[in-house]
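The values are calculated or read from the model by the stated rules, or taken from the named source; none is laboratory data. Bear in mind the structure is a predicted one, so any value in this text is a computation, not a measurement. Methodologically, a virtual Cβ is constructed for each residue, glycine included, from the backbone with ideal geometry; neighbour enumeration extends over all protein chains shown. Each accessible area value is taken on the protein alone, full model and side chains, heavy atoms only, with ligands, DNA and RNA left out. Shrake-Rupley method; radii C 1.70, N 1.55, O 1.52, S 1.80 Å.
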Number of protein chains: 2
Amino acid sequence: MSSHPFADTLEPPYVAVIFTSVRTPGDNGYAVMAASMEELARGQPSFLGIESAREDVGITVSYWSDQSAAQGWKRVAAHLVAQRRGREVWYADYRVRVATVEREYGRDTSSLDADR
Amino acid sequence: MSSHPFADTLEPPYVAVIFTSVRTPGDNGYAVMAASMEELARGQPSFLGIESAREDVGITVSYWSDQSAAQGWKRVAAHLVAQRRGREVWYADYRVRVATVEREYGRDTSSLDADR
């Protein structure tokens, strides 16, 4: 875990891949895979940052400089999961959403109240 | 908590507001606020769904049918937090990102491997 657990301020537009999932019971190699998947993401070109948390639902948002990088990462991740038959073993359900971030506000920009 | 802890399949394009935060120590009324904030979101026009999890970082993604609804919600949320001086009390840091979701894939669509 880095000292900064979320992706630092980025300059829109950039791309967010929002992966939400509900896990199956048991680990079945999931934790090791998740850690190596995150390491792999960090080494990809055009990677900007990643944020992750899990309670009832797991949410991992990865940030990329453009759509083709995001699509490339989605293919790599899907391939790794498929190799280990992870889709059925690890996930009761999931969604992948690919989005373009148009605006970003932070605590220090004091713009949470701003309209844009 | 609903039986379905994440937003069900939606029809892109729609808008995602990605709120990531690091909490300060202690509750200070946060849990009650967070629950009522989620209730309030669910009652807003153009609300599509919400997903939330917290570990080292908290991630809440709310989904809206259009940009103006998302902006409207951001203003309401910011106002509520400001009323209770929550920005300083609850959050060590945060980011708000407003994004347009262009593509969505689910487990049942078997399209995690698809390019689009």
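Sort shortest first the distances from B:T24 to its counterpart in every other copy, using label points 7 Å along the Cα-to-beta-carbon line, and give them in nm.
Ordered by distance, the counterparts are at 4.4 nm.
Using only alpha carbon positions, build the gyration tensor of segment B:23-103, then give the equivalent ellipsoid semi-axes as the square roots of 5 times its eigenvalues, largest first, whole angstrom.
Calculated on Cα positions only, the semi-axes equal 22, 14, 12 Å.
Give me the summed buried accessible area for the A-B pair, 1.4 Å probe, to the nearest 100 Å².
5100
Label position 7 Å from Cα toward Cβ: report the copy-to-copy distances for A:L80 in nm, one decimal, ordered from shortest.
3.6
In degrees from 0 to 90, rounded to the nearest 10, what is the angle of the helix B:30-43 Cα long axis to the longest principal axis of chain B?
40
Could you give the dipole magnitude of the protein assembly as shown about its Cα centre, charging the beta-carbon of Lys and Arg +1 and that of Asp and Glu -1, in debye to the nearest 20?
For this selection, approximately 0 debye.
Just how large is the dipole of chain B about the Cα centre, in debye to the nearest 20, putting +1 at every Lys and Arg Cβ and -1 at every Asp and Glu Cβ?
Around 580 debye, computed over chain B.
Just flag the GluC sites (Glu not before Pro) in segment B:1-84 sitting in loop per DSSP whose Cβ has no more than 16 other Cβ atoms within 10 Å.
Counting only loop positions with at most 16 other Cβ atoms within 10 Å, the GluC sites (Glu not before Pro) in segment B:1-84 are B:E55.
Shortest first, in nm, what separates the label point of A:A35 from those of the same position in the other copies (7 Å along Cα→Cβ)?
The projected label point of A:A35 is separated from its counterparts by 3.6 nm.
Roughly what angle does helix B:67-83 make with the longest principal axis of chain B, taking Cα atoms, 0 to 90 degrees, to the nearest 10?
With rounding to tens, the tilt is 20 degrees.
Along the Cα→Cβ direction, 7 angstrom out, place labels at B:H79 and A:E88. What is the inter-label distance in nm?
Inter-label distance under the simple model: 5.2 nm.
Within segment B:39-112, report the trypsin sites (Lys or Arg not before Pro) that DSSP leaves as loop and that have at most 12 other Cβ atoms within 10 Å.
When the trypsin sites (Lys or Arg not before Pro) of segment B:39-112 are filtered for loop state and at most 12 Cβ neighbours within 10 Å, B:R85 remain.
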